[in-house]
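The values are calculated or read from the model by the stated rules, or taken from the named source; none is laboratory data. Computed from a predicted structure; not experimentally measured. We place every Cβ from the backbone using ideal geometry, glycine too, and count neighbours over all the protein chains shown. Please note that ligands, DNA and RNA were not included when accessible areas were found on the heavy atoms of the full protein model with its side chains. Shrake-Rupley method; radii C 1.70, N 1.55, O 1.52, S 1.80 Å.
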Amino acid sequence: MVYITSWDEFVERSVQLFRTDPQSSRYVMKYRHCDGKLILKVTDNRECLKFKTDQAQDAKKMEKLNNIFFTLMARGPDADITEVSGKEQAETQPSKKGRGRRQ
């Protein structure tokens, strides 16, 4: 088990690891509230990649990585992940008016 210090290297190697053997690959997130640490792990039972952070700004990066893995798992390991972003634009909905108290 090796902790990778660079986020870009972790993403690149973990996507490559998943694409080589998608049937036995796992992606695990673990958050320890008492320490305030987030640990991401990608493994295929032969190679294990880990990334550890305590920075709140890495949550957006983690969300983008989640979307990459969701795309690869749903569309297959040969899917194009260049258009995957952190938040999809389809999620933004216009606010409903007239449903609350006036201020």
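Within segment 8-19, the set of residues being more than 12 Å from residue 48 (Cα to Cα) and in contact (Cβ under 8 Å) with a residue 40 or more places away in the chain comprises 11, 15, 19.
Any residue at all in segment 81-102 that is in a loop (DSSP other than H, G, I, E, B), surrounded by 10 or more Cβ atoms within 10 Å (Cβ to Cβ) and at pLDDT 90 or above? Lay out the reasoning, then the answer.
The first filter runs over segment 81-102 and keeps only residues in a loop (DSSP other than H, G, I, E, B), leaving 81-88, 92-102.
Now narrow it down to the ones that are surrounded by 10 or more Cβ atoms within 10 Å (Cβ to Cβ): 81, 84-87.
Next cut, at pLDDT 90 or above only: none.
Looking for residues that are in a loop (DSSP other than H, G, I, E, B), surrounded by 10 or more Cβ atoms within 10 Å (Cβ to Cβ) and at pLDDT 90 or above, one finds none in segment 81-102, hence no.
Only one of the numbered conditions (1) open to solvent by 30 Å² or more (accessible area, probe 1.4 Å); (2) outside any helix (DSSP H, G or I) is violated by residue 8, and that is (2). Being open to solvent by 30 Å² or more (accessible area, probe 1.4 Å) and part of a loop (DSSP other than H, G, I, E, B) is a property that holds for residue 56.
Out of the residues in segment 24-51 meeting the condition of being assigned to a loop (DSSP other than H, G, I, E, B), within 19 Å of residue 77 (Cα to Cα) and of a type outside the set (Gly, Ala, Ser), tell me which one is least open to solvent (accessible area, probe 1.4 Å).
Looking at the filtered set, the residue picked out is 44.
For segment 67-80, the set of residues classified as open to solvent by less than 40 Å² (accessible area, probe 1.4 Å), without any contact (Cβ under 8 Å) to a residue 24 or more places away in the chain and not in a loop (DSSP other than H, G, I, E, B) consists of 67, 71, listed by residue number.
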